[in-house]
Structures are given as structure tokens and as C-alpha cells.
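Read the structure below first, then the notes.
The values are calculated or read from the model by the stated rules, or taken from the named source; none is laboratory data. Given the structure is predicted, the values throughout are model-derived calculations rather than measurements. Note that each Cβ is placed from the backbone with ideal geometry, even for glycine, and that neighbours are counted across all protein chains shown. For the accessible areas, the whole protein counts, side chains as well, though only heavy atoms, and no ligand, DNA or RNA atoms are used. Shrake-Rupley method; radii C 1.70, N 1.55, O 1.52, S 1.80 Å.
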Amino acid sequence: MCLAIPGKIKSIETKYGGMVRMAKVSFGGIVKEASLEMLPDAEVDDYVLVHVGVAISKVNEEEAQKTFKYLEEIGELGELGDVDEYLPKPE
Amino acid sequence: MCLAIPGKIKSIETKYGGMVRMAKVSFGGIVKEASLEMLPDAEVDDYVLVHVGVAISKVNEEEAQKTFKYLEEIGELGELGDVDEYLPKPE
Amino acid sequence: MKYLSEYRDPELAKKYLEEIKNTVSRPWSIMEVCGGQTHSLVKNGIIEMLPDKITMIHGPGCPVCVTPLNLIDKAIHLATEKEAILCSFGDMLRVPGSQKSLLQAKAEGADVRILYSPLEAVKIAEENPEKEVVFFAVGFETTAPANALSVVHADRRNVKNYSILASHVLVPPAIKAVMDDKESQIDGFLAAGHVCTIMGNTEYHPLSTKYKVPIVVTGFEPLDVLQGILMVIRQLEQSKSEVENQYARIVREEGNLDAQKVINEVFEVRNQMWRGIGEIPDSGYAVRDKYAGYDAIRKFDIFIDEAPENPLCISGQIMKGIKKPYECSQFGKTCKPENPLGAPMVSSEGACAAYYHFSGMVEI
Amino acid sequence: MKYLSEYRDPELAKKYLEEIKNTVSRPWSIMEVCGGQTHSLVKNGIIEMLPDKITMIHGPGCPVCVTPLNLIDKAIHLATEKEAILCSFGDMLRVPGSQKSLLQAKAEGADVRILYSPLEAVKIAEENPEKEVVFFAVGFETTAPANALSVVHADRRNVKNYSILASHVLVPPAIKAVMDDKESQIDGFLAAGHVCTIMGNTEYHPLSTKYKVPIVVTGFEPLDVLQGILMVIRQLEQSKSEVENQYARIVREEGNLDAQKVINEVFEVRNQMWRGIGEIPDSGYAVRDKYAGYDAIRKFDIFIDEAPENPLCISGQIMKGIKKPYECSQFGKTCKPENPLGAPMVSSEGACAAYYHFSGMVEI
Amino acid sequence: MPILDFDIITLGHGSGGMLTNKLLDSGVFDLLSNDILDERHDGAFLELHGKIAFSTDSFLVSPIFFPGGNIGELAVNGTVNDLAMCGASPKYLSLSFIIEEGLPVKDFWEILVSIKIACEKAGVKIVTGDTKVVEKGKGDKIFINTSGVGTINPKANIGKKNIQIGDKIIVSGNIASHGMAILSVREGLEFDSEIQSDTTYLNHCVEDLLNNFGTDIHLLTDPTRGGVATVLKEIAEATAVGIEIYQKNLPIDDQVASACELLGLDSLYVANEGLFIAFVSEEKAAVILEKLRQDTKGRNAKIIGTVVANHPKQVVLESAIGGKRVISMLPGEQLPRIC
Amino acid sequence: MPILDFDIITLGHGSGGMLTNKLLDSGVFDLLSNDILDERHDGAFLELHGKIAFSTDSFLVSPIFFPGGNIGELAVNGTVNDLAMCGASPKYLSLSFIIEEGLPVKDFWEILVSIKIACEKAGVKIVTGDTKVVEKGKGDKIFINTSGVGTINPKANIGKKNIQIGDKIIVSGNIASHGMAILSVREGLEFDSEIQSDTTYLNHCVEDLLNNFGTDIHLLTDPTRGGVATVLKEIAEATAVGIEIYQKNLPIDDQVASACELLGLDSLYVANEGLFIAFVSEEKAAVILEKLRQDTKGRNAKIIGTVVANHPKQVVLESAIGGKRVISMLPGEQLPRIC
Ligand code: SF4
Ligand code: SF4
Ligand SMILES: [Mg+2]
Ligand SMILES: [Mg+2]
Ligand SMILES: [Mg+2]
Ligand SMILES: [Mg+2]
Ligand SMILES: [Mg+2]
Ligand SMILES: [Mg+2]
Ligand SMILES: [Mg+2]
Ligand SMILES: [Mg+2]
Ligand SMILES: [Mg+2]
Ligand SMILES: [Mg+2]
């Protein structure tokens, strides 16, 4: 349920007489509008999670790395080598 | 203007709570409904002239023959012979 | 069909033509008022069979052709802006308004429907209670009873979403207008048999007396038309100017009194605009106040600016018999049946279209 | 795409699978509450890659699947009888009501439109002032802010012809209902990452305590799901029952407070029918009186008889993990994706459809 | 009719997925089965020898079931006849449906069965096809395209260039029946009658003529849309000959003629099906007519006109009373008149 | 564009009368003129030698102009490609329009020009056609049917029966582009992107392969409606072989993949144009791929799967992380999901 994917805010404009902040969000190059009303402090270049046209969360970059480090953390990653290679890279 | 053709009344029924007499009129075999409101005394087997779904005149059989007799009447029909052969026949 | 095909007999037609030839001694111009007669003349190739001395002039007898531009614009407005179901006789659809025809409006999505009878439109209104249904009630006196009847039916059956856009034209005032024009040269008239079926012949006696023209109430089949022409010519040759009834199998002297009653119930006489001719006093019908709720103009309170008619179109002069279509500068050039500038190019009874289609004068 | 494709790394997935195998010592049943996770499991073929000791149970986590029959009938009624423009997310269209689906209603002429966002529906209402526009507002907590926002937008912009047919379902009461069923045998939960994005994790602590089950808030990509499963198993093997957050890159402990605010502005908690399961207390949202004018049920005052669900369909037991789809007598026989008897056969996340499509058990 | 678990056609049936396959398997493919079609590839593999004719038409008719037939047999016969008009023996047809969502499956089935029967009668095979579904309100129940190929009769030489002054013009049967059958059930204009569309296959009848009279048959054409008048006018314009036709020779059913009177339509412009016009050599005209009238498809055939040197590019009709009028093309569809 | 005295298409243009002739004369016939079409008979007279392929498709796409093309070139390419999939060189097409009243003449003209250009590129001729007009609300701007004939390459032997265990499955380029290009401009779902439909003609590219590799190419098919998944499932069912495909090998444009994520669609079921799938012998697979990748139409080609003896009739996808799932047909159209 609840299909939502992360995208990068390309631009922000204010619509409907200043009442609504709408962002153009790029998802791997395709661009769709999303409301920023649930994320009042979201800014251009932020990565946000968008669900049915509404941005509902900013991606936390630090936390984003934990999945790649978890096995290491729980001490089970002897042979994995450089964790960095799995980390999200700037686009 | 005012395309109207003669047809023969096949049947009559009363519609809309007895307010309107409608006839099934046969035009050379094809049948269409026509209002008899302009011809209150029209009966089954009468020939009537129908225009846009309304019967507007009963055909006068006697007068109908005059076109065939006119030339004779004005004395110019020496060679025409038997006028009867041109007269409308029963269908 | 009985009372129809008999009047197409080729042998008798030849006799009539012969008799016409024998009778005519000098040039006569005869106007057939009615488009139905024009149609018969051209469809049967009668015009060329007549002696050269006889010139048939196609009168203003096509209600479709003389319906004012502004009323067509109103019909289109009702269909497009008011989203009404606009019902009409088929031949009205191609007539150009100031911007477009009903056919074009339909192409652009308007709900325009072709009906055989106005009574059908009342049924459509009953079946579509959520929509307004307007019948484009054009016609001469012949069609007025049916159009009036649709209003009476709707009223009786309490069909509130029905109304008519009425544009009726009356023949006697038109004959008057033709004769009053100084340029007109009409010697005699074939009057419209089906108009007289409704109204009778009484209105024509004062006209034949006043203008000293023979008026023969005539039918529509070849023999009818030929007999009518012969009757006019016989009068002309004998310097008579009477009203005669060629079409007595259908037309009674007094007309159809029941039909006149329903006309008077719903309509009252008013001045009327004729496309290409202008306003003619007392030549049309307005919906009586009693039925104002069924009068589309009042019901929808529509006002559309009067658009000017195409100034190059000489349709008025053509319908009065003053000019022939080929004397129009636009005939066959910018004005063609598939793109008519004026109404007489629209329906095949329109004088210009009749010439264009049937005369073979024009290389397409 | 950043923050997406990285979580599909095959090499790391293998490590996770290896670690899961090394960790698990006895059979565990884990319910992924959310259909999005079911989708990820089947699409990536994860279920068969997991050790046999781990059984994944597809929970009621597809709002489309649990939307009550009666509400679908109401949506169809609005589209067909009230002639509203009925807007919906795409996956709702194939779900059968008691007579037909929205897709069938559309095939029969209803104006049913698929939208990406409820905010689009408000625009459609603005552009079609003469029509009523209803958005079929289904969803879990994740979708509630967007649906609520559409009402707020309509209200602000004074769009009076807009309303929503609301059918929201809430996850924590559903977990409670699953655990309260005596037959249920769930050892641990993957909680729905996107639900928690809105609501946070606080509601889950009392549940894990009360039912002594680990609950791991989990994302949707293969690595997310694998990590989530590993985290559950590690707890189970260590006899822990805590709430953990695998999806911390997105989910904050307190959720999104702005989103919660707009939900509370428009909705209030109520009892809710779940298709196949029955009524669950405090498990849905009703539109507050303040916005009654935007509540399609009240606005159109529609009443549709409750139709009985198909008695042969055991979808409730399937969504609680008590039975597997192939244990249903209708599975693959009268009940197929192209003709579903119950909701879990409809969307590809529905447990029955997932088995039918992806398991390869069924010869089509 | 096969038992299907759906009773109307929906978009899914045109999606190319499971429902499409179900519809095709239990309907189209089963019913129309033949070796070539059964291959079910992106196209059909055929063997044809000699010269070939190729024709296409899309069929849209409202209502889809009308007195005397339905859109399915119309679609088969239409392309069969167009190929026959090329002097070809029609062999293989393609069949492409555009269905509006909501079409009852039983209507579709009835149409399919008519297609099958029409193919059997004409001796042609459906070898390739396509099925699309459009949303409600974006189609009109069902549109059908058929295209076809056939081998040209070696004895035939059909073409406008063969027309000569003096050629006789034969019409194979009563005119205007199809168009008036359709109008008789058209909303707002409907009337009761026994008028039936005469949609039928003409290929066998035409083959017979070609086998017997070969190159004495100069041109064949079927006066469908626009009717006899339009087709003759097109030919006159294209070849710069004159054409004369005689109203008294035009074969027409009484009821059809009456219906034309009622609605103010000219039968010369009304659409025909199952009817052809042949331009034939003056010398053989009488025997060709005689032969044609022995065939049930040609039993009402008449010689209706002559190719003349006068008035090039013009078609002139001699009316029943002996008057003449020039026949032109109509600007568009003929509309019922009141005036 | 010719100067016409009408700017939208009306019913009259489909009546068969003067307006039809005007539209055709000043539009279709002029623009597409060739010896065969110019005959303007009821069908076309052709000469074709050897074995023949025959195919048909009706094209309906909304909107009719979309990123990367329009319905006109789609209609030409579609039938050209279906013929190419038979191992044939497409030669002649029929062209049949069903136009909804109100279509702007300039749109029609633009489509015609695209058709002309597409024909020139593919080297085919329009030889016969048909134009119908339907009332507003009974069509959707324009539907186009093309049917086509072509001569089968003597070196080719295309057919499901040729498929063997071990055959490699090549896809000629990126998948799902066409379907997502259309969706990107679909009301209610639209998004900004650079995604373009890859509608194009494949005949020259395929001829090249057939000339070089002949019977090593066992089957050709274009995965249009229903996408790659549906076509493969159909083949597996029809031939009773098993098919294995590898997600990591599926070529797809980044933006297309992203659009699928956004709308919750599976790219395997999204429609393609200008794309084909070839089943080729195991031995020659590598060289065929190499050859194909030298052609611009095949520069993104990949081997995506293998024909296997396991799981007959089933298509199994190996996911990027190595899991397996069975690929089935969808019940109907794929609908965008939220859950
Ligand atoms: S030819 Fe055309 S422009 Fe001239 S009078 Fe007639 S209708 Fe008017
Ligand atoms: S297989 Fe069908 S009938 Fe059985 S539980 Fe699932 S949805 Fe219900
Ligand atoms: Mg194909
Ligand atoms: Mg054809
Ligand atoms: Mg029949
Ligand atoms: Mg044809
Ligand atoms: Mg196809
Ligand atoms: Mg033809
Ligand atoms: Mg094809
Ligand atoms: Mg392109
Ligand atoms: Mg194709
Ligand atoms: Mg055609």
C-alpha cells in the first residue's frame, strides 16, 4: 500500500493566492508537482518522499546509510569491505 | 417547400389519455404515424395528405380526376381517347 | 403510390406541353412561389421542355432559405451555449448562419437532431427531462399547424423543458412584396398548393385583383405543374387575372379550418424578417403570450447581435425574380453548394442551388 | 533514482539472506502488514529465497482490498445515478462491488476518472462547475493527509461541487484485531513504513508490549524488507518484543505532525467496516461535521442496502494469516484476477492475487 | 455462444492481456478457425499466384443490426465486393474491430457468427485480425475494418480507361434499398416497412460474367456511399466521357421509392450494398444483361444508361417525362427535407 | 497544406459526395500519390511474387499527437513492423480513416504528412484506402486502420514451431518507452519528462538480420499492447516451452523506469512500439546481437532470456536480487496504483 517514492525538489512556487507551496519534484528525471504543505521547511534540492501528489517526509541522509551498515554494526560483515560503495551517491 | 404526400389510413388509435387521434398511414407500403387532429372526420381507408407527421387534408377523389380530364374539358383533347386509363386506380 | 404516380404520366405530360406550346403567343414570366414546385421543375427537367417564351422564376418559397441569419445564430447559440437538444428538419442544417451552420455546430459537439416531425421533439423532451429541448420551427403556413400542435401537446402533457424557436413566413405578404417591387416583371403566379391546403384560397383573390395577375393554386407533380402553367398562360393570353385551383383534389376554398384554429391558438401575425429580402409587414407568426413559456426566445432570453448579410449576395433580387443566379458575381465562384454564401445556394430548391446543380451551366 | 535503486543491490541482498539463514533457528510466521511490502516480496521473488523456516503472511495492508462492498456500491451509485464525475486511484477500479466494479460502471458509460492525486480532483471540480465531482478517498493513514488536503483546498477555494467518499482504514487497530483472533499465529510484524511516516511509531509500543511481538517499521525496497525481516527474527530468536525502526531515513518517531494536523482538521476517528474482516473499533476516519458539505455520503444522502459478501470467500481469514489462499475452495476456480470474488484477488498486492499471479501454482 | 464470465466488453478486452486472449480464444479464433488464422502470428502467411487486388474499408453503421443484416456481414461483403469490382476472386480478408466499452458480448457474438457465415458464402477466409476497445463515448458500439486480397481473373481487364462511347451501363439490381433500410430504423425518422438491406456477396456472380464475357466488361464498381449518382459522376469526371441515364429504367423497390418520397430524398444518392454497376460493350450489353438476370443477385438488373460523346464529364438524367437534368455530386450527406 | 474552404472535418466529408472528393483530392490522394493509388478504383491492382504476408491493425491512441510521434506514423510503422515480424518485406499498405466530426483539418493534414514520411522511410506505398466520418461523441478524433502485404524473405522461416530449447531471446531496444510517453500526457496522470515514443519502422533492420542469419532467427514478434510480458507468456503457452528472463538484462531508459515507479506500473506490461523480440539459435545469438547493435534501431538490444525445458508454458523472471517470479498475463489494462 501507499506507493511513495523519493524525489529531489527542483523548484518551489506559491499557488492559489499564496496559500499553497507547490514543488516541482524530479524523480530520476521525470518531474511532477507535489504539495509541500506537510513539509513547511522543505527547500530546493531536498529529497522528499511523495505520495499521491503530497510530499510527506524529507529523506534523512544519515539514516539512509544505516541499511548498508547494519550487517557491519551487528558484527556480521567481515567480508563486505568498503561500505561506502553501497551508499547513496549524489545524482 | 412543404413536402407532403398522400397515404391511406390503415388504422386509428387514440393516444395521450384520449386526447389525440393518431393514424397509421401507409405510403405505398411503408407506414408512418400521423396526427389526425387537423382532420377530425378522417376514417380508416381514407387517403390523406401528410406533412411532417400531421394529416392536413383528405384527398377528394372526384377532383383528383380533373387533371386527367382538363385537356378534354378545354376542348383540346381530340386524340387522347379513353381518359379513364389515366385515372387513379384502387391500390 | 395512389394520387401521386398517376400525376407523373409521360404521355399526358407531353400533351400538356403540346397544349402549352399551342397556347403561348408571347413571352410570359411566371413565378412558382413554392420551392417544392421549383424542385419538381428541375428534377423532371421541365424548364427546358417549356417553350422559350415561358420563363419560370423561382420565388422565395423555401422557408429554409428565407430564415433570418440572426435566427440561425440563435439556434446555434441554444445548441452550443445553452446546451439544449436542438431539433430541426434536415434541410435547415446546412444553412449558414453568420459564423457557422447547425451542421458545423453539430460537428463541434452540439446535440443537433434531425426529425421528421415536431411532434417527435416533444417525445424527446419527455425522454430527456434533465435537458432543454428546442425545436427549430421554420416553415410556411403548411408547417405552422404541426409546429403549433407540438406546443399544444407539450402544454397538455406538461412538458416544461420543451420550446420552439419559431420562424414562420406567410405567402400572401410575400407575393405582395414581390409585386410591389418596381423592378419585378412577374406576369403570373403558381401559388403553393400545400400552403393553400391550410389557408384556403380566399387571401389570393384581392391580390390577383389588385396586381392584375393570374394566380393558380398548383400541386407538385409534373402534371400538376404543367396544368398550373397552362392555366396561368390561358388566363394571360385571354388577359384574365383570376384565382384558379389546379389542386382541388387537396385544396378547399376555405382551407383546413381545424388547422387554422390551432395556428391561431398558438401564434399571432407579426412583421417578419426574410433573409435576403428584409422585413415584410404581417408576414410571420409570433408565439402568443399565453404560450410564452414555450417560446425559446423569451424562455432563454437570448440576444444575439444582428450580423450583416454578405453584401455580395443578391439573393433578395433573385427571390423576387429580378435577377437570375448566374447574374450574381459570386455564383459558382466563392458561392457553391458546399460553401454557400446565401440561403438560395443551400437547399436544392434554393434558386441558386437549383441552377448550380441542375442546369449544367457550371463546370465543377 | 537516489534513495531507491541503492536499496536493490543484489550483493547486499545476498548478505542479508545469508544472515537471515544464519540467524533463524526455528519456524517463525511474520506478517507484513502492508501490501507494498507484499508487492516487494513477490516482485523480487524474496519469498522463495527466504529459509523455509520463515513464513511470510500477507496482512490486510491493501486499503483497496478492505474497502467495504457497500462503499463501492455507493461510489458506483454516485457515478451512475447521481451522474457525478467519480475520481479514483487506479487500483480501486477493478474491485468488485455487489453488482459490478467501477470499471464496469465506466464501461457502461459512467464518468469515472483515474487520478494520480486527490488534489487533481479539486481542479476537475473547478473546471466542471456544472457537475458534481466526487473523489473516492480510500487509503491508510498515509493517504489521509492528501485526501484531507483536497477538502481543505476545495473549502479555501470555495469549490462547492467537490466532495469525497471517504473510506480510510488505520493500521494499529488492525494489528490488534489480527492478534485478538484466537486462531492467529503471528510471531512478528513488519509495520508499514509509509503509514508510520505520517503517524510515527508511538502507537506501536503498547501493541508490542501487550501481544509480546516484535514490530519493525520497515521500508519497501528489497534491502528494506530483508533488513526488516532480519530485525524481527533477531528479536524473536532473542525473545524480545520491541518496536524498531528499519526505515529511519524516512520515518521519525513522532511522524509528520503537520500531516497529523490536517488529518485532525478534516477527519475524526470512528469504527470502520473492513471488507472480509468486519467492523474494527476506532479503525477509520469520518469527515468532521465542519466539513459535512464535502462528505459525499451526507451531501447526496445516499443509502444503499448492505449487500452480503460472497459467503464462499474466506478473505478475512486470509488477511489475518489464518488461512492461505490455496486453502480457499474458490481460489483459481470461480475466483480469478479477471473475475475476483473477494478483494484480495483484485489488486496484485491482494494476498490471493499475489499467490495466483506469482506463485506459479496455478495453470492458467 | 461460448460461456464467458463477462457479458459486456470492457477496456480490459482490448488491453492485450488475459481478457483479450479469453475473448479471442473463446470467440474470434475458435469461430473463424482456419489453418492460416490459427498460426496467430503478427500477420498471415499466404500463397497467391498471378496479379492481385487489394482493398480496404471501415464499416460503421447505426444501428449495427438493421433490417436485412448487420455490420458483420456488411463488412465481409463490402470488401469481397470491392475485390470483385477489381475483377478479382477474393481469397483472404483481415478483420479488425474497434469496440466501444459496454457492447454486449451476445451482440459481438451475433456479429461474429454473421461474419463466419458471410465468409463461407463468399468463399473467403479471415486470416489476420485485430481487436481494440475504446472507452464509452469514444466509439459507436462497433466499427469493423476489413481488408482483403484476391487474385485477378485472367480474363478480366477492368479499368476506367476501357470505357468507350456507346458502352451500356448496367445496374445489377434495385437501387437505394440498403440506405433506406438503415434510415427506416434511424431515431427521429423511423418508419415501418418491409425494406431490407440487400447486403450480399457479388463475387460469384461477377466471376461468372467475367468468365463468359471477359474484356467486354469494361468497368465494374459498386455504388455504395453517395449512391449511383455519385459513382457515375466520379467516373464521368475521371474519364471525361458523358453519361446519360434514364429515370424510367432505374430499378427500385416500391416501398423504397415511397420512403424516398416521404423523406424527400433522391434515390440516386442513397447508399447501396450488394449492388454493382457494369460498363459493358454496346454489342454484348443485351446478352450480358440476360446472363446477369439469370443470377439471383442480378434478377432485377437493368440497363440504365449509355456512355455518350456529348457533354463530357457530365451525367445527364432523362426524367420519366422526357426532361433532362444534370446530375451533380451532393455537397455532403443527403438530409431529409421538408421543403 | 492545401487551401481548403473548411477548417474542421464534418459528416459531409464522409458522405461520399462532393466534400469527400474535395478532401481526398486536395489531401489524401495528392499527398500520397503513386501509380497504383492514382487508379482510384474500388481496390488496388498489384503484382507480388512468391510467398506473401498480410497483416492488419487499427490504431487508436489518446492523445493523437504524443511525445515522439503521432497516430499517423504509428499506423504505418505498426503494420510495416507486423509484416517485418513475418519475415516479409512490406510493400503495400491500405489506409482507412475513421474521423470524428470536428477534427481540425490541420491536424488531419499533419497526420497525413507523417504518414507520407513514414511510408517513404519504410519504403512502402499506400495503394488503397477509405475515409469515414462519425458524429461527434461517436469516435475519438481519429482512428486509423492500416493493412499491408509484403513478400516473405526467401531466407526467412519465422514461426513458433521453430523455437527450440536453448534459444536466446533478444529484445531490440529499451522497453516501455511508447506506453510511458503516452501516459506522460494522459489527463490526470501527466508528468514532465523527455520520454519519447520510439515508434519507428523495423523492416530494414529485420531484413538485414534475415539476410545475414536466415533460419537462425526462429521467431520475430513485436511486444506492443500488453508489453514484453504478455507476448512472452503467449508464446510460452502456445509452444509449451518454458521461458526464463533476467530483470537485470532488461534494457530500459532511466526516465521510463522512474515513471513506472511513480505510477506503480510494471514496465514488462507497458506497450512498446518500434521494438521487437527475436528468438534466435543459441549458437548465433551473440553474433546476431552484435549485428543488431550496429543498427540504430537495435543499439540498445540485449539478450533478455532463454528458452528452457523447465516449467513448460511458464515465463519465469529472475529478479535483480536473484529471486524468481512467475510472469502471468494481466486481467486487463494495467492501472496506476497507489497501493
Ligand atoms: S449565388 Fe450565392 S451569393 Fe449569389 S445570390 Fe445566390 S446565394 Fe447569394
Ligand atoms: S481466492 Fe477469492 S474467494 Fe477465495 S479468499 Fe481469495 S478472494 Fe476470496
Ligand atoms: Mg505485432
Ligand atoms: Mg474498399
Ligand atoms: Mg442479409
Ligand atoms: Mg467498399
Ligand atoms: Mg493487432
Ligand atoms: Mg466500392
Ligand atoms: Mg497486425
Ligand atoms: Mg517519432
Ligand atoms: Mg501490430
Ligand atoms: Mg471505401
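Helical runs (DSSP H, four residues minimum) scored at -39500 (n - 2.57) apiece and divided by the length of the protein assembly as shown put the mean residue ellipticity at 222 nm at -9000 deg cm²/dmol. Partners of E:Lys168 within straight-line reach, counting lysines whose Cα lies under 25 Å from its Cα and excluding those fewer than 8 residues away in the same chain: C:Lys43, E:Lys155, E:Lys160, E:Lys233, E:Lys248, E:Lys284, E:Lys291, E:Lys297, E:Lys302, E:Lys313, E:Lys324. One chain, two ends: E:Asp30 and E:Glu187. Fully extended at 0.36 nm per residue, the span grows by 53.0 nm beyond their Cα-Cα distance.
Copy-to-copy label distances for C:Ala307, where each label lies 7 Å from Cα along Cα-to-Cβ, are 5.1 nm in order of increasing length. Restricting attention to the stretch B:5-73, the count of lysine pairs at 8 or more positions apart or across chains with alpha carbons under 27 Å apart stands at 17. Only Lys, Arg, Asp and Glu carry charge here, each on its Cβ (+1 for the first two, -1 for the last two); on that basis chain C has a dipole of about 240 debye about its Cα centre.
Each copy carries a label point for C:Thr202 at 7 Å from Cα along the beta-carbon vector; from one copy to the others these points are 9.6 nm apart, nearest first. Both radii are taken from the alpha-carbon atoms of the stretch E:162-206; with Rh as the Kirkwood radius, Rg/Rh is 1.17. For the rotational copy pair C/D, the chain C residue whose Cβ lies nearest the symmetry axis, together with its distance in Å, is C:Glu130, 6. Total buried accessible area between D and A, probe 1.4 Å, nearest 100: 4400 Å². Dividing the mean sequence gap of close Cα pairs (under 8 Å, 6+ apart) by how many residues the stretch F:24-80 holds gives a relative contact order of 22 percent. Listed by chain and number, the aspartates and glutamates whose C-alpha is less than 13 Å from the C-alpha of D:Lys333, apart from same-chain residues fewer than 8 away, are D:Glu363, E:Asp5. Based on the alpha-carbon gyration tensor of the protein assembly as shown and its eigenvalue square roots a ≥ b ≥ c, which shape applies: rounded if a/c is under 1.5, prolate if not and a/b is larger than b/c, or oblate? Taking the square roots of the gyration eigenvalues as a ≥ b ≥ c, the protein assembly as shown is prolate. Think of each Lys and Arg Cβ as +1 and each Asp and Glu Cβ as -1; about the Cα centre, that makes the dipole of the protein assembly as shown roughly 360 debye. Cysteines of chain C lacking any other cysteine Cβ under 4.7 Å from their own Cβ: C:Cys34, C:Cys87, C:Cys196, C:Cys313, C:Cys328, C:Cys335, C:Cys352. Taking the square roots of five times each eigenvalue of the Cα gyration tensor of the stretch D:315-358, the equivalent ellipsoid has semi-axes of 14, 11, 9 Å, listed largest first. Inter-chain neighbour count for E:133-144: the average number of beta-carbon atoms from partner chains within 10 Å of each residue's beta-carbon is 6. When the charge dipole of chain C is built from unit charges on Cβ atoms (+1 for Lys and Arg, -1 for Asp and Glu) and taken about the Cα centre, the candidate among C:Pro311, C:Gly284, C:Phe331 whose Cα reaches farthest toward its positive end is C:Phe331. Computed over protein heavy atoms with a 1.4 Å probe, the accessible surface of chain E works out to 32 Å² per residue.
For chain C, the longest piece that avoids every one of the GluC sites (Glu not before Pro) found in DSSP loops with at most 10 other C-beta atoms within 10 Å covers C:184-362. With the label put 7 angstrom out from Cα along the Cα-to-Cβ vector, E:Arg293 ends up 7.6 nm from the copy partners, going from closest to farthest. Estimated from the Cβ-Cβ distance and a Förster radius of 22 angstrom, the FRET efficiency linking F:Gln294 and F:Asn249 is about 0.70.
Taken along the Cα-to-beta-carbon direction at a fixed 7 Å, the label points for B:Asp45 and D:Glu108 span 5.1 nm. A simple rule links phi to the HN-Hα coupling: the Karplus curve 6.51 cos²θ - 1.76 cosθ + 1.60 with θ = phi - 60°, which for the stretch E:139-150 gives x, 9, 6, 7, 10, 10, 10, 10, 10, x, 10, x Hz, with x for Gly and Pro.
Here the Debye sum runs over all C-alpha atoms of the stretch B:5-73 as equal scatterers in vacuum, and log10 of I(q)/I(0) at q = 0.26 Å⁻¹ comes out as -1.08.
When the charge dipole of the stretch F:78-183 is built from unit charges on Cβ atoms (+1 for Lys and Arg, -1 for Asp and Glu) and taken about the Cα centre, the candidate among F:Gly166, F:Val80, F:Thr151 whose Cα reaches farthest toward its positive end is F:Gly166. Dipole size of the stretch A:5-73 about its Cα centre, with +1 on Lys/Arg Cβ and -1 on Asp/Glu Cβ: approximately 360 debye, rounded to the nearest 20. The modelled label-to-label distance for the pair F:Thr215/D:Lys21, using points 7 Å beyond Cα in the direction of Cβ, is 4.5 nm. Among complete DSSP H helices in chain E, those whose alpha-carbon atoms stretch at least 18 Å along the helix's long axis and whose mean Kyte-Doolittle hydropathy reaches 0.0 are E:71-85, E:105-122, E:227-239.
Farthest towards the positive end of the charge dipole of the stretch D:219-364, among the residues D:Ile229, D:Ala353, D:Gly219, is the Cα of D:Ala353, using unit charges on the Cβ of Lys, Arg, Asp and Glu.
Rounded to the nearest 5, what is the percent of antiparallel bridges among the DSSP beta bridges in chain F? So the antiparallel bridges amount to about 75 percent of the total. Reducing the stretch C:183-237 and the stretch D:279-331 to their Cα centroids gives an inter-centroid distance of 80 Å. Share of carbon and sulfur in the accessible area of chain E stands at 47%, probe radius 1.4 Å.
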